[in-house]
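A short worksheet on the structure shown next.
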Amino acid sequence: MEGDSAGGSAKTARDRSYQAILPIRGKILNVEKASIDKVLANAEIKTMINSFGCGFSEGYGNDFDIAKLRYDKIIIMADADVDGAHICTLLLTLFYRFMPELIYEGHVYIAMPPLYKAIPSRGKEEYLYDDAALERYRRKHKTPFTLQRYKGLGEMDAAQLWETTLNPETRTLKSVEIEDARLANDVTEMLMGSDVPPRKAFIYEHAQEALLDV
Amino acid sequence: MEEQIIRTEYSEIMQKSYIDYAMSVIVSRALPDVRDGLKPVQRRTLYDMHELGIRYDRPFRKSARIVGDTMGKYHPHGDSSIYGALVVLAQDFKMGIPLVDGHGNFGSIEGDGAAAMRYTEARLQKITQEAFLQDLDKNVVAFQPNFDETEKEPEVLPARIPNLLVNGSEGIAVGMVTSIPPHNLGEVLDAVIAMIHDGSLTDQQLLEYIQGPDFPTGGIVVNKSELAQIYSTGSGKIRVRGKVETEKMKGGKECLVITEIPYTMLGANIGKFLNDVAALVETKKTTDITDISNQSSKEGIRIVIELRRGADPEYIKNLLYKKTRLEDTFGVNMLAVADGRPETLSLRQILEHHIDFQFEVTTKKYQVMLDRELKKKEVQEGLIRACDVIDLIIEILRGSKSQKQVKDCLVYGITDGIKFKSQRSQKQAAKLDFTEAQADAILEMRLYRLIGLEIDALMEEHKKTLANIENYTDILNNYSSMADVIIRELKQFKKEFARPRRTQIMDAEAPVLEEKAPEDIPVVFLMDRFGYARTVDESVYEKNRESADTENRYVIHVSTSQRLGIYTDTGKQHLLKVSDVPLGRYRDKGTPIDNLCNYDSSQEMVINVLPIEKAASCVILSVSSSGMIKRVEGSELQVSKRTVAASGLAEGDSLISFYPVRENSQIVLQSKKGFLLRLPVSEIPFKKKAAVGVRGMKLSEGDTIEACHLLDAQEEEPVNAAKLPSDEPAGTIRAGGRSVVLSRLKIGTRDTKGTKPRG
């Protein structure tokens, strides 16, 4: 699965014997706000349903069957910036609302591409996956180093992408699980639903915790 | 390394991702900063142009270069968003004060886009340089590293004018939007000055300086009295109208000329407005407009609406205000980022933030300038003293082996290792106590500075420096002195850049449309069995009477001021204004009534159409399929709601008949299984229209009423009833497979089974 401008390198990078890439252009529809026929009319969503092979819980045949899922891991791979985060929430909403078993049975993962690459003048370069790692790196390495920030997956070439994000030997994944089903439902409704005031209140309340992206 | 899997909870990751996204959009994308009134993309573009030296007095540079440079250095997002921001900054019809000087096609007021960025060129405006980008070298604002830490960018521009008010802002963030109208620079600066003098001014008092918004498109704000409320809460609705003038045309006709549009009509909405006016004519809302043309040009907006001879221009003006977006609302929500948080601000709060920022910037600026002067003073004092002992210094220089020796001697009086001509010199040298900076300056000094006049010049400069220091210290230490400096600067800006107000502010009545009693023309309403309706002139009807009567199910004589009621099997009455039905030629197909009223042909079926005004004096008989009947006063149908229940119905029941009857009439109820019951109308009780009614006929299991016949239908019925196609002669019906003459049936009583005619 993919953000926007990196489908090509991801296809080159994967191990085609057991990895498939489905590029998704831009932001998908917010299914929480859209009507079911609009959801089903959406080309991006249709492709997703077809490629998962396990049907759909509503409309579209009502034929969801987790046994037919074609892949063991569905990995959301989005840019490591806030728009990537947004795409992530949109996709998770889709899965949660229409194919919840995918999440309940632990098939949904989120890839973690690196945020930075530190290139010291001597020695080995290192990928850093979040800001905390960058801080640690700064403390450990007093010598000056060049920092490359990855805005999008498109900035990495195929080899790098394989090494950092795709290779099952080295990659880091976040598995998405639901323990508190009620909370999951409430959160989805609040964040993605069409009722604005609760969302606004949430934003004000949590404003300080946000990691800003400039 | 093994594959690492971090377990995360769905709701946590949703919340975390969402708040990051939402706050980033709010703080660093869609909302302006209260201090400089700029969104990050605008700030970065301006700063980049400043760094590239694309000043107002230098040649234009290609927009693509600016966009590329901004994107590469500060704004790692799409190029279209950067170019879009640049274009808007240059549009004089969008901005109160354009901040960029554009060359080439930067779009038009009618919504045409700018040329591609490889064609257009741009440079900064003078005011941008002077009021936004001054003193960046004096550390007046904090700088932050850019996205890859290779450049520094200012967190905010040191704007000297309250740009948030002057240029306004529009932005859609997550869960919140901002919409601030532009204001007049001169007025806003006056308000700032007044508020610096007296910090306790209320919003109300501030409105004496700032009359209201000042849109670059002009127009008229018509709800002056509500502005105080809007500005003190930071949100509300401003009503703005376009400016319309009346001009005489050749041949005694008049036309309306729109010379200023409301700000909200900017862009593609002008085209929409023209279409709306055309639609007014097409739907016969007015017949007085003969032509409309958009003659806007470089002289400005000019939309000409030609009127029919003898038309009332005032009436048409009001019609346009009321029915088109020539009067529109500008929704105000003064949301901006203040201290890193989105906040809805009042006018006063915006100005307070601005003034605080001014004092902060000015303090930093003068602190830096004072430090520079103090350094200068130190050096000057050193040089002046050095001139007095220049012979000794030369002796030290000549007697030393290294620069360090000389410096140590000048600063600390260490004379070790220096050869002096005399003991006295050495003693004097030991007393020297120049500062490091002074010693450096002395060593760097050129010999020509020893000329008498040069020394005088140095003294003169020193005096100036001392005066500056005194001045700067005063500014830094006294609020009023700093206020004076700021005010002087603001007055300078006002003198140079302010321009007269363009938008008129007043209170005006909401446009009243005396529904000019649309001339009451008698017409004939025709509706065929497919629900296509139209009206034709009476004369047209007379000419085609025969075919009209056979081709249409409903033929009703009405006049254009009247209304019709459409009655459906679901028991509803839908109102239909006769004036809304297209008046056409006889052969016109008409318009489906679905489009003219709330009737929905996919949900319900028409059972009758009645002229409401005429029906008022009648008594209506209502019959449902389960056999419930009642009489209703026709006056009850006189309602103004577009859809009401015409008859109460039990669950699953449907309306069969709904037509006017006379007191002395008789009806025959016919059931599906062939039972007939003849009843005098006088036996049927009167009920309210929402009532279900009483049982008219006892029905056996599974039987329903099929029809309700009027026994003595006369030609001069008060109002026409539905014409049902029937092959039977008048007064007879087909029941149980044979003809039955209604008048031969026995008169029965209500709530009986009736009779079944046998063969």
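The values are calculated or read from the model by the stated rules, or taken from the named source; none is laboratory data. Because the structure is a prediction, the values reported are computed rather than measured. Note that we place each Cβ from the backbone using ideal geometry, even for glycine, and neighbour counts take in every protein chain shown. Areas reflect the complete protein model, heavy atoms only, side chains present, ligands, DNA and RNA absent. Shrake-Rupley method; radii C 1.70, N 1.55, O 1.52, S 1.80 Å.
Does region B:665-688 hold any residues that are touching a residue at least 60 places away in the same chain (Cβ under 8 Å) and buried (at least 21 other Cβ atoms within 10 Å of the Cβ), and which are they? Selection gives B:668, B:669, B:670, B:671, B:675, B:676, B:677, B:679, B:684. Among the residues of region B:110-168, those identified as of a type in the set (Gly, Ala, Ser), within 22 Å of residue B:71 (Cα to Cα) and surrounded by fewer than 19 Cβ atoms within 10 Å (Cβ to Cβ) are B:113, B:115, B:116, B:142. Listed by first and then second residue, the pairs with beta-carbon distance under 7 Å, at least 6 apart or on different chains, first residue in region B:467-482 and open to solvent by 30 Å² or more (accessible area, probe 1.4 Å), second part of a helix (DSSP H, G or I), are B:468/B:373; B:473/B:370; B:474/B:481; B:476/B:363; B:476/B:366; B:476/B:367; B:476/B:370.
Would you confirm whether any residue within region B:568-577 is free of Cβ contacts under 8 Å to residues at least 60 places away in the same chain and in a helix (DSSP H, G or I)?
Scanning region B:568-577, I find no residue that is free of Cβ contacts under 8 Å to residues at least 60 places away in the same chain and in a helix (DSSP H, G or I), so the answer is no.
Evaluate the following for residue A:137: is it within 10 Å of chain B (Cβ to nearest Cβ) and closer than 30 Å to residue B:150 by Cα? In short, no.
Candidates are the residues of region A:165-191 that are farther than 30 Å from residue A:11 by Cβ and in contact (Cβ under 8 Å) with a residue 60 or more places away in the chain; the one that is farthest from the other protein chains (Cβ to nearest Cβ) is A:189. Residue check: is residue A:143 more than 7 Å from chain B (Cβ to nearest Cβ), over 22 Å from residue A:89 (Cβ atoms) and either open to solvent by less than 20 Å² (accessible area, probe 1.4 Å) or touching a Ser or Thr at 6+ places or on another chain (Cβ under 9 Å) (or both)? For residue A:143, the condition - more than 7 Å from chain B (Cβ to nearest Cβ), over 22 Å from residue A:89 (Cβ atoms) and either open to solvent by less than 20 Å² (accessible area, probe 1.4 Å) or touching a Ser or Thr at 6+ places or on another chain (Cβ under 9 Å) (or both) - is met.
Taking region A:161-207, which residues are part of a helix (DSSP H, G or I), touching a strand residue (DSSP E or B) at 6+ places or on another chain (Cβ under 9 Å) and either open to solvent by 70 Å² or more (accessible area, probe 1.4 Å) or within 30 Å of residue B:144 (Cβ to Cβ) (or both)?
Of everything in region A:161-207, those that are part of a helix (DSSP H, G or I), touching a strand residue (DSSP E or B) at 6+ places or on another chain (Cβ under 9 Å) and either open to solvent by 70 Å² or more (accessible area, probe 1.4 Å) or within 30 Å of residue B:144 (Cβ to Cβ) (or both) turn out to be A:163, A:164, A:165, A:183, A:203, A:204, A:207.
Of the residues making up region B:39-55, those that are touching a residue at least 40 places away in the same chain (Cβ under 8 Å) and under 26 Å from residue B:170 (Cβ atoms) are B:39, B:41, B:42, B:43, B:44, B:45, B:46, B:47, B:49, B:50, B:54.
Considering each residue of region B:586-597 in turn, none proves to be over 29 Å from residue B:547 (Cα atoms) and not assigned by TED's automatic domain parsing to the domain that holds residue B:670. Restricted to region B:316-377, the set of strands (runs of 3 or more DSSP E) holding at least 2 residues that are closer than 24 Å to residue B:158 by Cβ and within 14 Å of chain A (Cβ to nearest Cβ) comprises B:335-338, B:341-344. Among the strands (runs of 3 or more DSSP E) confined to region B:157-242, the ones with at least 1 residues that are free of Cβ contacts under 8 Å to residues at least 40 places away in the same chain and within 30 Å of residue B:22 (Cβ to Cβ) are located at B:169-172. Applying the condition of being over 25 Å from residue B:694 (Cβ atoms) and part of a loop (DSSP other than H, G, I, E, B) to region B:735-754 and asking which residue is modelled with the lowest pLDDT yields B:736. In region A:29-46, the count of residues that are open to solvent by 60 Å² or more (accessible area, probe 1.4 Å), in the same structural domain as residue A:163 (by TED's automatic domain parsing) and touching a residue at least 60 places away in the same chain (Cβ under 8 Å) is one or more. Within the set B:553, B:545, the sole residue that is open to solvent by 60 Å² or more (accessible area, probe 1.4 Å) and without any contact (Cβ under 8 Å) to a residue 40 or more places away in the chain turns out to be B:545.
Considered as a group, the residues in region B:14-37 that are open to solvent by less than 10 Å² (accessible area, probe 1.4 Å) and farther than 20 Å from residue B:175 by Cα include one that is farthest from the other protein chains (Cβ to nearest Cβ), and that residue is B:37.
With at pLDDT 80 or above, surrounded by fewer than 19 Cβ atoms within 10 Å (Cβ to Cβ) and of a type in the set (Phe, Trp, Tyr) as the only criterion, which of A:116, A:109, A:104, A:96 stands out? Among A:116, A:109, A:104, A:96, only A:104 is at pLDDT 80 or above, surrounded by fewer than 19 Cβ atoms within 10 Å (Cβ to Cβ) and of a type in the set (Phe, Trp, Tyr). Restricting B:591, B:570, B:560 to those that are within 17 Å of residue B:655 (Cα to Cα) and hydroxyl-bearing (Ser, Thr, Tyr) reduces the list to B:570.
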